[in-house]
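S.K.: One structure, pasted below without further comment.
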Amino acid sequence: MMIAGKKDGTEGPSDFPFGEPVIVPLEDSIDLHAFSPKDVPSVVEEYIEQCQQADLSEVRIIHGRGTGVQRKIVRSILEKHPAVVSFQDAPPEGGGWGATLVVLKTSEAVQRKRRGTKTEDIS
């Protein structure tokens with residue numbers, strides 16, 4: 001679950017136009033069309049943090065095709081984010097250049113599980 005609001009945790013009347021924070025269920029994709037352009041950077045950063053904590057290894061960020069401004073904003077955040085391993089355009093059936101696939105760093109436990117090794121197997 002992700003709560004859209006200020007990154008520093010402070011709240012104010014203008015932070016939540018409906019009086020309450022917006023709770024977004026955490027999934028392996030997020031559509032940025034639902035957010036105000038000024039909120040996109042903080043939404044993307046918070047989404048990446050939440051996905052990494054949930055040990056999601058690959059996510060899709062839908063920013064739309066348009067003029068490419070949102071895509072540039074998203075990618076500038078991804079380039080600097082320490083949890084991001086790589087990113088690329090989604091395949092055509094997944095949105096093409098209107099969406100970005102992101103590979104995230106995962107915890108050691110998740111990596112071992114995917115490799116099929118146990119903690120005891122590692123020496």
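Read-outs: derived from the displayed coordinates by stated rules, not from any lab. All values derive from a computational prediction rather than experimental measurement. FYI the Cβ positions are ideal-geometry reconstructions off the backbone, even for glycines, and counts take in every protein chain you see.
S.K.: Taking neighbour Cβ counts within 10 Å as the exposure measure, how do 93, 79, 58 sort from fewest upward? Walk me through the numbers on the way to the answer.
M.R.: Numbers: 93 6, 79 9, 58 15.
Fewest-to-most Cβ neighbours within 10 Å comes out as 93, 79, 58.
S.K.: Now a separate question. What does the charge count near residue 32 come to, summing +1 for each Lys or Arg and -1 for each Asp or Glu among other residues with Cβ under 13 Å from its Cβ?
M.R.: Working: positive: 38, 60, 65, 71, 72, 75; negative: 31, 39, 45, 46.
Surrounding charge for residue 32 is +2.
S.K.: While we're here: Could you tell me what percent of the DSSP beta bridges with both partners in the stretch 24-109 are antiparallel, to the nearest 5? Write out the running numbers ahead of the final one.
M.R.: Details: 10 of 13 bridges.
Antiparallel: roughly 75 percent of the beta bridges in the stretch 24-109.
S.K.: Treating the beta-carbon of each Lys and Arg as +1 and of each Asp and Glu as -1, no other charges, what is the dipole magnitude of the stretch 24-109 about its Cα centre, to the nearest 20 debye?
M.R.: I would put it at about 460 debye.
S.K.: Can I ask one more? If each residue's Cβ is checked for other Cβ atoms within 10 Å, how do 60, 65 rank with the fewest at the top?
M.R.: Working: 60 16, 65 12.
Least to most surrounded, the residues fall as 65, 60.
S.K.: Now for a different question. Among 72, 38, what is the fewest-to-most ranking by other Cβ atoms within 10 Å?
M.R.: Fewest-to-most Cβ neighbours within 10 Å comes out as 38, 72.
S.K.: For the stretch 24-109, just say rounded, prolate or oblate: build the C-alpha gyration tensor, square-root its eigenvalues into a ≥ b ≥ c, call rounded for a/c under 1.5, and beyond that prolate if a/b exceeds b/c, oblate if not.
M.R.: It is prolate, given that a/c is not under 1.5 and a/b is the larger ratio.
S.K.: For the stretch 24-109, calculate the relative contact order in percent as a whole number, restricting contacts to Cα pairs under 8 Å that are 6 or more residues apart. If you can, show how the numbers build up before the last one.
M.R.: On the way: 125 pairs, mean separation 27.9, N = 86.
Worked out over the stretch 24-109, it gives 32 percent.
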